[in-house]
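Structure first, then comments.
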Amino acid sequence: MFDVFEGPSTSSTQAQDIHCDYVLVDGSKRENTERWLYELVEAPDYGNLFDGTEWASIRDVAPLLVRTEPGHPLLERLLQEGKITEWGYGIASNEPLELVADHLRRFITACHPLGHNVMLRFSDPTVARLLLAPSGHGGVPEYWEPFTGVALPDALWDGWHVQARPEWLPEAGAGTNKEITAPFQLGELTLSGLTATDLRTTLVKLMQHLETYFPERAASEIRPVAIKDLRTIMEQALANGYESLQALLHWCTVYGYQGELSRWETETPDIHALFYRWPGAAAEAQAREAAMIAMASAATQVQGEPIHG
């Protein structure tokens, strides 16, 4: 199965290697997206993907497909900001804008295994990575049809997934003129991947919290360790009943002060006991109490001896 938490390969992370004919902007991640686009570009060549669909009434949050070329202001902004906010990704394609836009509109909705339709956030770079994976890993090969490559930012790993069209697929553009009216069926593997995508989004927020308040734990040379540690804490905290983002951020703070989960039982037993005590409606208060204990414990250690990393 495709692992949404996996980082980019070392051979595909250089921004200067990215070639894009289009940038797909996630309109749900930017307020007044079209106005913002016109502020960047005097006369942008683009399509609002909700126009002409049943979702036209919420076109303000629609994905925008924008034609770009080297040095295009939107592409430059993506390269500058994309790894932080993941508000879109780059697409390489020789096909005209309207054809690529119509292709993407086929994926606005998908049929859930239980029979109802759901909206698919394909303009999210991680969702796109899942769709572009092999079908045996939860991917939807048809999503590749007009693309020759993609450049997908990764805020978790502070890098880029630069992918070329797999050789086993038909030539780019093949089949893009076929008319499909029914939503495609979400398989169980794809659905599992989408669920994992939501967890990854939470982990990104925890890493950003760590970078802001405990930058020494998120330094580039130890980033993989921090990601692994925080993912372990996040998944265990969720299992322990800490479901809100605020509660998880408090446990991230504990990690910032105390380090990996395996040390909490021996070094801070009060925190360990709180972590494994079912919180019920008091989850945020209980997690905050643990964060306060961690801060006080760290202050005591600073006065006496160095804090263990």
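Counting other Cβ atoms within 10 Å of each Cβ, which chymotrypsin sites (Phe, Trp or Tyr not before Pro) in the stretch 131-171 have at most 12 and sit in a DSSP loop? Could the numbers behind the result be given before it?
On the way: sites: 143, 144, 147, 157, 160, 168; in loops: 147, 157, 168.
Listed in order of number, the matching sites are 168.
In the chain, which whole DSSP H runs stretch at least 15 Å along their own axis (Cα) and average -1.0 or higher on the Kyte-Doolittle scale?
Values: long enough: 73-85 (17 Å, -0.15); 188-213 (38 Å, 0.08); 223-239 (24 Å, 0.14); 245-258 (19 Å, 0.36); 283-304 (32 Å, 0.22).
Within the chain the helices that satisfy the rule are 73-85, 188-213, 223-239, 245-258, 283-304.
What FRET efficiency do you get for residue 69 and residue 245 if R0 is 41 Å and r is their Cβ-Cβ distance, rounded to the nearest 0.05? If you can, show how the numbers build up before the last one.
Details: r = 39 Å, r/R0 = 0.95.
Given R0 = 41 Å and the Cβ-Cβ separation, E is 0.60.
Counting only C-alpha contacts under 8 Å and six or more residues apart, can you give the relative contact order of the chain as a whole percent?
This gives 16 percent for the chain.
Excluding residue 279 itself, calculate the net charge of residues whose Cβ lies under 14 Å from the Cβ of residue 279, where each Lys or Arg counts +1 and each Asp or Glu counts -1. Walk me through the intermediate numbers first.
On the way: positive: 277, 288; negative: 243, 284, 289.
Net of charged neighbours comes to -1.
Taking the highest mean first, how do the peptides 220-233, 100-113 order by number of other beta carbon atoms within 10 angstrom per residue? Can you show the working numbers first?
Numbers: 220-233: 15.9, 100-113: 19.0.
So the order, starting with the most tightly packed, is 100-113, 220-233.
Does the stretch 197-309 come out rounded, prolate or oblate, given a ≥ b ≥ c as the square roots of the eigenvalues of its C-alpha gyration tensor, rounded meaning a/c under 1.5 and, failing that, prolate meaning a/b above b/c?
oblate
So if each residue of separation counts as 0.36 nm, and I subtract the Cα-Cα distance between residue 55 and residue 185, what length gain in nm does that give?
Between residue 55 and residue 185, full extension yields 44.8 nm more.
Considering Cα pairs under 8 angstrom that are at least six residues apart, work out the relative contact order of the stretch 67-170 and quote it in whole percent.
Relative contact order comes out at 29 percent.
Could you tell me whether the stretch 60-115 comes out rounded, prolate or oblate from its Cα gyration tensor? Rule is a ≥ b ≥ c as square roots of the eigenvalues, rounded for a/c under 1.5, then prolate if a/b exceeds b/c, otherwise oblate.
On the way: a/c = 2.75, a/b = 1.52, b/c = 1.81.
In terms of gyration-tensor shape, oblate.
Return a whole-number percent for the relative contact order of the stretch 10-186, with Cα pairs under 8 Å and 6 or more residues apart as the contact set. Please list the in-between numbers first.
On the way: 323 pairs, mean separation 44.5, N = 177.
After rounding, I find 25 percent.
Could you tell me which GluC sites (Glu not before Pro) in the stretch 16-61 are loop residues by DSSP with no more than 13 other beta carbons within 10 angstrom of their beta carbon? Don't jump to the answer; show the numbers that get you there.
Values: sites: 31, 34, 39, 42, 54; in loops: 31, 42, 54.
Those satisfying the criteria are 31, 42, 54.
Helix-derived [θ] at 222 nm for the chain: sum -39500 (n - 2.57) over DSSP H runs of at least 4, divide by residue count, nearest 500?
Calculated at 222 nm, the ellipticity per residue is -13000 deg cm²/dmol.
Using unit Cβ charges (K, R positive; D, E negative) and no other charged atoms, how large, in debye to the nearest 20, is the dipole of the stretch 214-304 about its Cα centre?
Numbers: 7 positive and 11 negative charges, 22 e Å.
The dipole of the stretch 214-304 has a size of about 100 debye.
List 127, 254 from most exposed to least, where exposure is judged by having the fewest other Cβ atoms within 10 Å.
Exposure proxy ranking, most exposed first: 127, 254.
Rule-based calculations on the coordinates, nothing more; no lab input. Just so you know, these numbers come straight off a predicted model, no measurement behind them. Using ideal geometry, Cβ is built from the backbone for each residue, glycine included, and neighbour counts are taken over all protein chains shown.
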